[in-house]
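The values are calculated or read from the model by the stated rules, or taken from the named source; none is laboratory data. Remember, predicted model here, so these are calculated numbers, not experimental data. Positions of Cβ are backbone-derived with ideal geometry, glycine not excepted, and every protein chain shown enters the neighbour counts.
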């Protein structure tokens, strides 16, 4: 972060800026968490830090959106100082992207009896990163050669889902999660255009299933009572895209979720931190699912980073 950014941080409402950006895309009918899938990619679908670690939560959506808008190919994103330490230079005039992280601190206060009490609080910080495509003289590893990577076979995805130990029943034409029965309902495979659409839809419902108390235990109605359904659907939408990146599946489903766009816009208009909260919950859900049943491609992704 530059000195100017650090000084202006207190004046910038980053949550509001992110929300405004997402709202503009939704108004245009674009869901920024649905990264286009073209079959030719580097193998590193998730945006990566300079260390090779993946970005998480809302930062994935923000960097996917920026990469799609500007045509960036490299999955790597670095700060200005990280580039300098590598002997590289951000090209003059290039504009970076804001990414965020939550931290936790404590404040000391006096209670009614005059005793010191420490209160915990969370805070949102931000910094700026640049795509490796905006930086000259980076080591070659930051520009991996594009490779053709096939979609995951349905049998592989079925093996992954089985380890989740989430019940599934057959339905005629509606994919859904039924909390009262803790079961996912799925139409037959033949009802979908492709096997990948079936698997991607199952991912979406699997994220919903993590709301059960014996899994993540999520209840979006506690914070977003007026928009509980829209907020939960947003968690599942973002989560399915994040999960698809790990499982090599396209981030779209048989259902057209365009009907939810208006509801999401109302949710974001009412609460500027709603999108950040939904993305955080989506990441938590994906973490649970992948801990329960690791991606069958996990070792290949590690090899990609190591290379």
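Values computed for the structure shown
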| item | result |
| --- | --- |
| Test: residue in segment 270-277 that is within 25 Å of residue 202 (Cβ to Cβ), outside the structural domain of residue 61 (by TED's automatic domain parsing), surrounded by 21 or more Cβ atoms within 10 Å (Cβ to Cβ) and at pLDDT 95 or above | yes |
| Any chance residue 44 is closer than 19 Å to residue 238 by Cα, in contact with a helix residue (DSSP H, G or I) (Cβ under 6 Å, 6 or more places away or on another chain) and either assigned to a loop (DSSP other than H, G, I, E, B) or modelled with pLDDT of 95 or more (or both) | yes |
| Residue 91 being loosely packed, with under 13 Cβ neighbours inside 10 Å and under 22 Å from residue 19 (Cα atoms) | no |
| Pairs where the first residue, in segment 72-85, is in the same structural domain as residue 98 (by TED's automatic domain parsing) and modelled with pLDDT under 95 and the second is buried (at least 19 other Cβ atoms within 10 Å of the Cβ) and assigned to a loop (DSSP other than H, G, I, E, B), C-beta under 6 Å, 6+ apart | 75/47 |
| Matching entry among 240, 175 (being touching a strand residue (DSSP E or B) at 6+ places or on another chain (Cβ under 6 Å) and in contact (Cβ under 8 Å) with a residue 40 or more places away in the chain) | 175 |
| Unique residue being over 17 Å from the mean Cα position of the chain (by Cα) and at pLDDT below 95 when the list is 88, 10, 67 | 10 |
| Matching entry among 130, 161 (being in a helix (DSSP H, G or I) and in contact with a strand residue (DSSP E or B) (Cβ under 9 Å, 6 or more places away or on another chain)) | 161 |
| Members of segment 202-213 that are surrounded by 24 or more Cβ atoms within 10 Å (Cβ to Cβ) and either outside the structural domain of residue 273 (by TED's automatic domain parsing) or not in a helix (DSSP H, G or I) (or both) | 210 |
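Rundown of residues vs (1) surrounded by fewer than 24 Cβ atoms within 10 Å (Cβ to Cβ); (2) in contact with a strand residue (DSSP E or B) (Cβ under 8 Å, 6 or more places away or on another chain); (3) in a loop (DSSP other than H, G, I, E, B), yes/no style:
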| position | (1), (2), (3) |
| --- | --- |
| 184 | yes, yes, no |
| 193 | yes, no, yes |
| 215 | yes, no, yes |
| 232 | yes, no, no |
| 235 | no, no, no |
